[in-house]
Structures are given as structure tokens and as C-alpha cells.
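Quick notes on the structure that follows.
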Amino acid sequence: MHHIENDLHYTGLSVAQGIASPPAVNPYLKKRKHRHEFTAAEYIEQILKGNITVLSQAVTLVESQKNEHQALAQEVIEKCLPYSGHSVRIGITGVPGAGKSTSIDVFGMHLIRDRGKKLAVLAIDPSSERSKGSILGDKTRMEDISREPSAFIRPSPSAGSLGGVARKTHETIILCEAAGFDTVFVETVGVGQSETAVHSMVDFFLLIQVPGTGDELQGIKRGIMEMADGIIVNKADGTNIDRANLSAAQYRNALHLFPLPPSGWSPKVLTYSAKNKTGITEIWDMVYEYIAFVKENGYFNSNHHSQAKFWMYSSINEQLKNHFYHSSEIEKELKIKEQQVLNAEISSFMAAKQMLDLYFRQKS
């Protein structure tokens, strides 16, 4: 290539050196340090000291799908187990728009400031793989407790199935209790079966409602009403007070139609306003009255034993199901069997039997 500056007419001229290209990576950038990988003993030591950062990392470990993480998580949970079981676990559910997040914020501040409690707020949301756990958005409506050092807020693990999410939440409760949290809220974000899952891991089940037009009883599943140990009607403020009292009366009448629950406790119905922070003390007096009542009649311990048994069988079922569906041979054969069922070549029951026979032959 001809460069004009090299032409004889320009003899005596010199060409200045260009500026060297800067390096692609900033030379002053410090190398990022890898986070210290804790051993099970280190996790346990820090959790028992109430180290929130390490507790968060341990919960992440519990939620991980990796086998090596699961092995470590199970060891940590097992060692934390003797230090758990000393909290009051409250399940909180309610119709959309009932003001769950605002209520949790107000309840939390009452427990932390007025009763000196340490609070963990967890969520069960089987749809969290899509929504990423609505409690993340709810944190903006939990402004007060999210700033409290005595509170720990954790969104739902995005483990997909309700069984997986619920099991991981149950294991997280154990870690939170070992870290010194004496009150645990488990919020149901999903609808339907998630209430049953929460009911199987809490001591008191609280149903939040709002005053309606008088026909709101139609919108509540009978099963959720039967699970509730207490029903609270929110938004009892301003011109809503009479409607709230009317709704409360209707719930009380409805509860009389149900048989007495195994705890022997007659569920109460109270009104309150999360916005005006009125009626909050009465709600927590009711909760602690219930706890004292069931501890005295022995239901508290027997319920814990039933729940422990439930989670053992639930864990077996979940792991068997996962093991079955994650086998490559089963996966391949399932598609063939599915097509045969659709083509009416084989019955659904025979297809299921053949799949299980194949699975058990693999194991033998």
C-alpha cells in the first residue's frame, strides 16, 4: 500500500507514533474473590450464633437442585434439628386484596417492638417459577419489618411443584428456628392446595378476610374455613366498620355449622385495620391464648408429631416421583406408552403397570 508520507517530496518530515491501544481489561481492576465455601460445621456454628448472612446462604443451599448442595444442606438441617421447634409458627392466608402484606408488616412490627420477638417471614408459592415469588414485590409493602434487624424475609423457592416448594420451606423453618427466630410466618401466595401444605407445618392458621357485600362466604372454600384457627376481617375502618362487623358475624355463624376441630379450640373471628393499626393487640392475644390452650391439652405436641410423620412420608413420595421421572430409560418409554394409550392400543392402567414394572426391574 502506498503511503503519501513516504513520498520523496516529504523527505525530512517525520511521522509521530500513534497512541497505543488501551488494554481490553482495566489493569487496576482487582480480581474478584471467590466466596468462602462453608463446611457443615461452619454453617451450623454461624446459624446458631444468629448470623443472618450465613442463614441466607444455608437457605439457598436448601433450595439448590445440585446433589452435592443437597447432601450438605441435609447435614446442616439434621444438626440444626435439636435447636428447632421452639418457635410459634403462624400460617397466613387470605383472598387477593385482603391486605396480607400490609397486615404481615403491621403484625411483625407489633411482635418485634411490643413483644420483643424475632420474626422470620417465608412464603409458599408453587407458581414462583413464573412470578419469581410475589413476596419479592411484597417486600415493598413490608417497609417497616424489612428494615428491622430482628426480621428475616425470604421469598418462596422456585422449585416448581408444590411438594418441592413446601418441603424446602419446611426445612427453612428449621434453620430459622435454630438461628433464634421465635416466631415464623408462612404466607401462602398460591391458591388451593398450598393452604393444605402450610397447615401441615404451622401451629396456628390465620385466615384474613375483607368486608364484602354479604355474600363473601360463597367465595371461600369450606376446607380453608375448617383449617382456620382464627379468622380476621381487615379494613375495619372509616365507613367500613359496620360492614366489617356484619362480615365477622356471618363468619361466626358459619363456623357454628362446622364440627369442633381436633385441637378442641373454637375458632374466633375478630376485626382490625392494618391501615390504622387498630385491633392488632387483640389478634395476638387470641393467638397466644390458643397456643397456651393447645399446650395445656396436649394437642400442640401431638400435632407436631403428626406433622413430622406427614413430612417423612411426603418426602418419600416426592423423592420417589423425582427418581422415577428423571430416569432416561423411563422418559423414553413413557412417550411410547403415552402414544399407545392415545391410539387405544393399551389401557391407561396397563401402561402404568408396565412402566412401574420397568422401573422396578431397573432397581433390582
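Readers should treat all values here as calculations from the given coordinates under stated rules, not as data from a laboratory. It should be emphasised that the depicted structure is a prediction, and the values quoted were computed from it without experimental measurement. Here the Cβ is made from the backbone with ideal geometry for all residues, glycine too, and neighbour counts use every protein chain on show.
The charge dipole of segment 37-82, taken about its Cα centre with unit charges on the Cβ of Lys, Arg, Asp and Glu (plus for the first two, minus for the last two), comes to roughly 120 debye. Looking at segment 84-297, what % of the alpha carbon pairs are farther apart than 31 Å? Tail of the P(r) past 31 Å holds 14 percent of the pairs. Close amide H contacts of Asp182 (hydrogens built in the peptide plane, cut-off under 5 Å, sequence separation of 5 or more or a different chain): Lys118. Working note: Debye formula, equal point scatterers on the alpha-carbon atoms of segment 312-363, no solvent; log10 I(q)/I(0) at q = 0.22, 0.30 Å⁻¹ is -0.83, -1.12.
Evaluated at 20 °C with a viscosity of 1.002 mPa s, what Stokes-Einstein diffusion coefficient in µm²/s does segment 214-361 have when Rh comes from the Kirkwood expression over alpha-carbon pairs? In µm²/s, the coefficient rounds to 107. Computed about the Cα centre, the dipole magnitude for segment 84-297 is approximately 340 debye when only Lys and Arg (+1) and Asp and Glu (-1) carry charge, each at its Cβ. Look at the alpha carbon pairs under 8 Å that are at least 6 residues apart: their mean separation over the length of segment 37-82 gives a relative contact order of 40 percent.
Remark: spin-label model distance Glu45-Ala352 equals 5.2 nm, labels positioned 7 Å along the Cα→Cβ axis. For segment 37-82, the Stokes-Einstein estimate of translational diffusion at 25 °C and a viscosity of 0.890 mPa s comes to 238 µm²/s, using the Kirkwood hydrodynamic radius over alpha-carbon pairs.
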